[in-house]
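Since the structure comes first, as structure tokens, the remarks are kept for the end.
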Amino acid sequence: MNKVIPIIVIGLFILSGFGAIALNSDIKQITNNEPVKNAFTHTIFTEDGTATWCGYCHYAREALDKIYTSGDYPFYYVCLVDDKNTHAETRVNEYNIYGFPTVWFDGGNKVAVGGGTSNEATYRSLINQCGNRAVKDIDVTLDVTWLGNAAMTISAAVKNNEATTYDGRIRVYVTEVESSMGWTDTTGHPYTFPFLDYAFNQVISISSGGTWSNSITWDGHNYNDGYGHNFGSIQYGNIMIIAVVFNSEWHQGYSYPPSSNPFNAYWVDEATGFWIGDNSPPNTPSNPTPPNGAEDIDINLDLSWACTDPDPSHDTITYDVYFGTNSTPPLIKSDHTEKTYNPGTMEYETTYFWKIVATDNHGATSQGPIWSFTTTDRPNTNPNPPKITGPVKIDTNAIVEFTLNAEDPEQDELSYFLFWGDGTNNGWTGYYDSGIDVIVNHSWANKGTYTIMAKVKDDHGAESGWTTLLINVPRTKSVNYYSFLTWLLKQYPNAFPILRNLINI
């Protein structure tokens with residue numbers, strides 16, 4: 001009996017260890033390579049099931065924070081720190097979690113399990129998919145007034161723009177921007193947007209065109225984490241309130257896709273957030289594309305830049321775009337909502353100047369520096385081969401003229417080069433306008449058949465193909481009539497006396 005007890009204890013430790021491994025290290029990534037889009041049907045809401053002891057959970061939190069701070073999407077998230085807050089634990093249990101970390105997007109419309117370096121790409125893809133869902137037409141608004149000493153008035157409203165009654169549930173999450181409760185992941189980083197407790201968590205039913213609204217005074221001293229710690233120490237500037245409306249339509253969700261750990265999924269129709277703090281202007285626009293001072297830029301390249309808002313609520317930012325060839329570029333687009341701009345087809349070999357002025361929804365602005373870039377040279381194509389015009393039958397030693405003429409597609413100036421076929425060439429000529437006649441000459445000392453070869457190059461160095469002309473140089477046939485007459489008169493000395501006197505023979 002004494003031997004059995006240690007065996008049982010060892011067995012329990014082994015089983016406990018397997019359980020910890022299943023929760024900590026089982027990684028299942030969901031990937032999708034669809035392009036990211038920002039024209040979403042609604043604001044995405046994400047819940048991160050996590051625990052402070054979980055070695056992989058920091059990957060999920062880091063990825064969510066990078067996506068949120070990028071400002072690329074209408075997007076909010078909360079961290080449900082299971083082992084530090086019973087309210088978070090209750091929400092995690094509603095999702096029937098398989099293992100930490102698990103991230104539920106839009107109430108379980110999409111689910112990602114596990115942690116790793118690829119989390120950000122995975123989450124972006126799932127956010128993109130959620131953002132293109134069809135949702136009910138409702139509007140959610142929040143208004144929060146800080147009363148001091150961890151207390152605030154929280155007012156929420158939901159307007160139904162549908163033609164029929166809207167049924168759903170509103171959850172208003174009270175979170176800290178960064179945990180002041182000592183809730184840190186295994187890297188020692190405080191949890192971002194850790195869920196404290198609800199301001200509202202109730203079913204709502206709104207008639208067509210109607211509005212649900214409610215208001216509450218939320219005092220952190222009266223709410224606690226379930227482990228004896230209240231939230232009376234929360235501070236102004238570090239509080240984010242997030243209101244989320246879930247549709248009442250039931251869906252089968254799985255916290256270990258594709259078919260394990262089922263839960264009742266109710267998808268998000270809309271969300272909004274309210275940061276309690278003083279407004280700061282947007283960060284200065286930066287990271288321009290094309291880079292400042294860049295050369296050889298494509299004339300059809302779009303402009304792009306980076307800009308975020310330092311406030312935890314990440315205010316909505318619009319942009320004024322200044323662009324032109326003047327070093328103080330003019331305003332060409334106001335209240336632009338994207339961080340890219342298409343200036344249209346630009347001119348070749350031209351220097352452009354541009355800047356961005358960012359404005360948040362509170363009217364605070366930040367002006368970027370003036371950037372510049374120079375577009376690429378006009379594309380160059382090879383000139384056409386020249387035409388050779390001239391005689392094709394030539395006497396030896398006769399100086400003969402030939403006419404050359406070539407066209408360049410860009411009307412560049414042209415230089416001509418000729419091989420005469422007798423082992424000589426003329427070298428490159430000077431440059432002449434495209435399309436004009438150029439006269440050259442040459443002579444051949446020996447009889448034969450010769451092939452003239454000619455080509456041109458433009459003033460960018462692009463060369464044409466060769467043109468050839470075949471010419472013939474026959475031997476000159478001449479008769480020495482003086483020698484012939486001398487011979488004839490010597491043969492007949494008494495003949496042709498007059499001719500003899502003329503030639504003095």
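The values are calculated or read from the model by the stated rules, or taken from the named source; none is laboratory data. The shown structure was predicted, so the numbers you read here are calculated from the model rather than taken from an experiment. Glycine gets a Cβ as well: all are built from the backbone with ideal geometry, and neighbour counts include every protein chain shown.
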Exercise for review: Answer yes or no: is there a residue in the stretch 311-321 that is over 30 Å from V174 (Cα atoms), surrounded by 14 or more Cβ atoms within 10 Å (Cβ to Cβ) and free of Cβ contacts under 8 Å to residues at least 12 places away in the same chain.
Suggested key: no
Practice item. Go through the stretch 362-388 residue by residue and tally those that are within 30 Å of E410 (Cα to Cα), at pLDDT 95 or above and surrounded by fewer than 14 Cβ atoms within 10 Å (Cβ to Cβ). Key: 0
Review point. What are the residue pairs meeting all of these: first residue in the stretch 242-265, first residue in contact (Cβ under 8 Å) with a residue 40 or more places away in the chain, second residue of a type in the set (K, R) and part of a loop (DSSP other than H, G, I, E, B), Cβ atoms under 9 Å, and 6 or more apart or on different chains?
Key: V245/K136; N247/K136
Check your understanding: Looking at the stretch 343-362, is at least one residue at negative phi, outside any strand (DSSP E or B), touching a strand residue (DSSP E or B) at 6+ places or on another chain (Cβ under 9 Å) and acidic (D, E)?
Key -> yes
Study note, to complete from the structure: Going through the stretch 201-229 in order, the residues found to be touching a residue at least 12 places away in the same chain (Cβ under 8 Å), in a loop (DSSP other than H, G, I, E, B) and under 30 Å from T102 (Cα atoms) are Y223, D225, G226, Y227, H229
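Run down T192, T165, T217, T187 and say which single residue is touching an Asp or Glu at 6+ places or on another chain (Cβ under 9 Å) and more than 22 Å from H314 (Cα to Cα).
T187
Could you tell me which of the residues S280, S313, S304 is outside any strand (DSSP E or B) and out of contact with any Asp or Glu (no Cβ under 7 Å at 6 or more places or on another chain)?
That would be S313, the only listed residue that is outside any strand (DSSP E or B) and out of contact with any Asp or Glu (no Cβ under 7 Å at 6 or more places or on another chain).
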Review point. Failed condition for I234, given (1) more than 37 Å from the chain's Cα centre (by Cα); (2) β-branched (V, I, T); (3) in a strand (DSSP E or B), with all others met?
Key: (3)
Review point. Would a scan of the stretch 475-490 turn up a residue that is surrounded by 15 or more Cβ atoms within 10 Å (Cβ to Cβ) and either at pLDDT 70 or above or assigned to a loop (DSSP other than H, G, I, E, B) (or both)?
Key: no
Practice item. Please specify each residue of the stretch 163-177 satisfying the condition of being surrounded by 14 or more Cβ atoms within 10 Å (Cβ to Cβ) and over 16 Å from V203 (Cα atoms). Key: V174, T175, E176, V177
Exercise for review: For A294, indicate whether it is in contact with a Phe, Trp or Tyr (Cβ under 7 Å, 6 or more places away or on another chain) and either under 30 Å from M240 (Cα atoms) or surrounded by 14 or more Cβ atoms within 10 Å (Cβ to Cβ) (or both).
Suggested key: yes
Review point. Any chance the stretch 139-154 includes a residue that's part of a loop (DSSP other than H, G, I, E, B), over 33 Å from the mean Cα position of the chain (by Cα) and either modelled with pLDDT of 95 or more or buried (at least 17 other Cβ atoms within 10 Å of the Cβ) (or both)?
Key: yes
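Among the listed residues F263, F195, identify the single one that is out of contact with any Cys (no Cβ under 6 Å at 6 or more places or on another chain), crowded, with 20+ Cβ neighbours inside 10 Å, assigned by TED's automatic domain parsing to the domain that holds S70 and not small (G, A, S).
Result: F195 is the single residue among F263, F195 that is out of contact with any Cys (no Cβ under 6 Å at 6 or more places or on another chain), crowded, with 20+ Cβ neighbours inside 10 Å, assigned by TED's automatic domain parsing to the domain that holds S70 and not small (G, A, S).
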Check your understanding: Given N109, N119, which one is crowded, with 23+ Cβ neighbours inside 10 Å, touching a strand residue (DSSP E or B) at 6+ places or on another chain (Cβ under 8 Å), among the polar types (S, T, N, Q) and not assigned by TED's automatic domain parsing to the domain that holds P310?
Key -> N119
Check your understanding: For G99, are the conditions met, namely being over 25 Å from W250 (Cα atoms) and either of a type in the set (G, A, S) or not assigned by TED's automatic domain parsing to the domain that holds I44 (or both)?
Key -> no
Review point. For G232, are the conditions met, namely being surrounded by fewer than 18 Cβ atoms within 10 Å (Cβ to Cβ), touching a Pro at 6+ places or on another chain (Cβ under 9 Å) and in contact (Cβ under 8 Å) with a residue 12 or more places away in the chain?
Key: no
Study note, to complete from the structure: Of the listed residues (D412, D422), the one being among the acidic types (D, E) and over 17 Å from L469 (Cα atoms) is D412
